[in-house]
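For reference, the structure discussed in these notes is given below.
The values are calculated or read from the model by the stated rules, or taken from the named source; none is laboratory data. As the structure is a computational prediction, the values presented were derived from the model and not from experiment. Neighbour counts are summed over all protein chains in view; Cβ atoms, including those assigned to glycine, are modelled from backbone coordinates with ideal geometry.
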């Protein structure tokens, strides 16, 4: 409770009132709406570089934006043109759509095959569907009509409808080599449903109605849409869709909502579509009004309050807004409720747009009456959609083919029918153009009403409520194990697990569930415990090779040390990856390894309980790329070099700084040289992203010592999506070996919050307000440090909700801690200079333990299990195609090309928590002249020495 009160106090102090200058929006004034929408649209285009040197036509830059989001952005600009009549971006839109149309004119682009799913394709098809409905200018010859393009893609979906498992449904991915091939998700099936509904209304062809009925019936029968119209994320066909992922996202309910609204309009308000539309609209309440005093404002409930939304998720509410507005036009009974939400959300969105030279850079949180500090395409697109949607009553509805008659929907075919059995195909569908629809001709002026700056008292109130809500949630959800002990059970409770199972038997209660809770159809009757086996995979990086000398290695001159080699997974790339960079092929290879590991799990003859455990806690094997970075040069490094290691260890390290007050090294900060090193790494990452088209890490972890956090902060400053600030998770176990040395005594958490306000210090319970781990009299030995880093890895692997699906992690720490981590991973010892970074590719095997053995036997049991299972390994680097030899480890558990350790968390009999085995400060030699030792070593005083380091005349390693 004391810690919580301290957090509250710090949070209150941080929310000082500030001046806010944002877009001025009068939701009752058409001209004001046009001006605000025009300014926001310009912000979307400002992020586009497809028509610039180095860009790709039709695509917003990747990283950070995946191909599908570019389709979503063009869709937003299409709607903007329809609602406002502003044709500023018509040519640009046509150019972008042509570039990504694909050889079969269906937005199935070979160059994007490695990450294109059914949903990705759909977000481009939606643009063409709207173009047909709105009479958007046709593409020039030889390109087909908009409706022809849509029906081409629709026919793709018909051929992909899969009844071999789960009685039907579209898979998320249609390429068998892509991760997610066995997942049937709501947005893919909802997109097929909505396009079927819109094509039915546009053409009058009943084939589309039959398919819309079939998709709805399947989604309802399988549980993706429940009996009160909640729409859940997806299901796994490897367990015959018997378990549902109950996460809810805005765009999932949105895609079904508009499809249902179209069908109720097409059938003249017939039952059941009017009831389904109303029910889906009610279920959007999950994403409305995050707080009592933020009524009717939209938010992404799954991640927004916790500030954990990724780039994709930041754009999702844009599509719910788009489809809510369109629903209000076709289902007039919904217009009142939807109008309330759009008006309130638009006002909040406008207030969030305070960045950029024209104050048109928008944030994601629309309930704080100001900017939240985040920027990006998703934020900008969401703001644009909610602003132009205010004009919905001034626009005409989507047009239909003139000869369409309003007919009741016929009975749908059975769910078990396949694309060639019982369901009509698309052949013979009439595809004439419609007769056009009038559009509003008012043009938005690219100007903004005068901005205002005012002190907003309610801002502080709203932010305080937000802070208290998040703090209470964190305090109530974090359940931690003892430090150094990490057992994973089937209940999923772990050090960082913030999701709860609801319990219950098979089938669940069928009721509405809280966001963040997951329910399995049935819980295992007994808990399963696991140990982890960590393996470093050789043959990928120069630093893995014993012939590479660490002191001579330059990671920036060697492409992070990545070896340019061929992978068997190259065969799955267009033209064997010849047009891809070394890093693109390597990242694809990692994904291939993970897909192969998932396939191995799917092929195992395991019971349903084991499959459900893997669904919740991850596959039994996974591959991770760890970017291990040492902090830049700190003032303690300068002092140690000046005084010498012996004098440092026996005397100066225990001081807060030098006796003359020239330098302080308690919780040592980066020196100017260290900051320069971090900026160099930042520039290197920037080049790698542009030239090698590398992907950024998906999770950032940092030591709580100041020098490590500042290094991480500078390293990734300005290169994250939309210019966002780094939100690294601060982990106590990543700190340097501790005790005696004041440089390794961390600051209070309240101080960390002030120094690094975007860093997350709430997920690790060991990060107490004051440093309770540092010992002024004894030093943590290497054995204890290694056990601590082993416990860190185990607890991290336990957190499937935190790292599930991620392949790239950044860890910023210290020389000793990184050395210990390399020992845990059984990587060769490789000393890093200050500011250096090395990637390490590891394999993590999750090995179940027998229930009749205690924790101290974890390593022994793990080894027997691994040897008896004869698992595949990736020592040759070709796990993605299963050509590597079987694992046949000798007694030392080390095989050719692969090095592994079973990390058993044997803290019960280790030195990790036994302070009596920690090392006291050594005595200085009697003849050591401490006051003059630095000068005698260098011939200059400490001040002159420091100046030499900072101006580059003296080098510190």
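Some points to look at:
- Candidate set from segment 715-739 (those that are part of a helix (DSSP H, G or I) and in contact with a strand residue (DSSP E or B) (Cβ under 8 Å, 6 or more places away or on another chain)); member that is farthest from residue 312 (Cα to Cα): 734
- Test: residue in segment 335-350 that is more than 20 Å from residue 291 (Cβ to Cβ), touching a residue at least 60 places away in the same chain (Cβ under 8 Å) and either outside any helix (DSSP H, G or I) or touching a helix residue (DSSP H, G or I) at 6+ places or on another chain (Cβ under 8 Å) (or both): no
- Residue 23 vs. criteria surrounded by 17 or more Cβ atoms within 10 Å (Cβ to Cβ), modelled with pLDDT under 95 and under 27 Å from residue 354 (Cα atoms): yes
- Test for residue 196: is it out of contact with any helix residue (DSSP H, G or I) (no Cβ under 6 Å at 6 or more places or on another chain), more than 19 Å from residue 321 (Cα to Cα), at pLDDT 95 or above and part of a helix (DSSP H, G or I): no
- Screening residue 616 on (1) in a helix (DSSP H, G or I); (2) surrounded by fewer than 23 Cβ atoms within 10 Å (Cβ to Cβ); (3) modelled with pLDDT of 95 or more shows it passes everything except condition (3).
- Count - residues of segment 532-578 that are without any contact (Cβ under 8 Å) to a residue 24 or more places away in the chain and out of contact with any helix residue (DSSP H, G or I) (no Cβ under 7 Å at 6 or more places or on another chain): 9
- Of all residues assigned to segment 54-71, at least one qualifies as being within 23 Å of the chain's Cα centre (by Cα), within 17 Å of residue 375 (Cβ to Cβ), in a helix (DSSP H, G or I) and in contact (Cβ under 8 Å) with a residue 60 or more places away in the chain.
- Among the conditions (1) modelled with pLDDT under 85; (2) touching a helix residue (DSSP H, G or I) at 6+ places or on another chain (Cβ under 9 Å); (3) surrounded by fewer than 16 Cβ atoms within 10 Å (Cβ to Cβ); (4) within 30 Å of residue 732 (Cα to Cα), residue 517 misses just one, which is (2).
- Residue match in segment 314-323 (condition: closer than 26 Å to residue 213 by Cα, in contact (Cβ under 8 Å) with a residue 24 or more places away in the chain and more than 24 Å from the chain's Cα centre (by Cα)): yes
- Tabulated pairs, segment 683-712, first without any contact (Cβ under 8 Å) to a residue 60 or more places away in the chain, second surrounded by fewer than 18 Cβ atoms within 10 Å (Cβ to Cβ) and in a helix (DSSP H, G or I), C-beta under 9 angstrom, 6+ apart or interchain: 706/751; 706/755
- Subset of segment 98-123 [farther than 19 Å from residue 249 by Cβ and assigned to a loop (DSSP other than H, G, I, E, B)]: 100, 101, 102, 103, 104, 105, 106, 107, 108, 109, 116
- The set of residues from segment 223-262 being surrounded by fewer than 24 Cβ atoms within 10 Å (Cβ to Cβ) and in a helix (DSSP H, G or I) comprises 237, 238, 239.
- Under the condition of being free of Cβ contacts under 8 Å to residues at least 40 places away in the same chain and in contact with a helix residue (DSSP H, G or I) (Cβ under 6 Å, 6 or more places away or on another chain), the residues counted in segment 271-308 number 2.
- Scanning segment 82-97 for residues that are outside any loop (DSSP other than H, G, I, E, B) and either in contact (Cβ under 8 Å) with a residue 60 or more places away in the chain or more than 30 Å from residue 395 (Cα to Cα) (or both) gives 82, 83, 84.
- Unique match (being within 29 Å of the chain's Cα centre (by Cα) and over 20 Å from residue 71 (Cα atoms)) among 190, 223, 204: 223
- Residue within segment 689-707 that is within 23 Å of residue 634 (Cβ to Cβ) and in a helix (DSSP H, G or I) present: yes
- Selection status of residue 746, within 34 Å of the chain's Cα centre (by Cα), outside any strand (DSSP E or B) and under 21 Å from residue 818 (Cα atoms): yes
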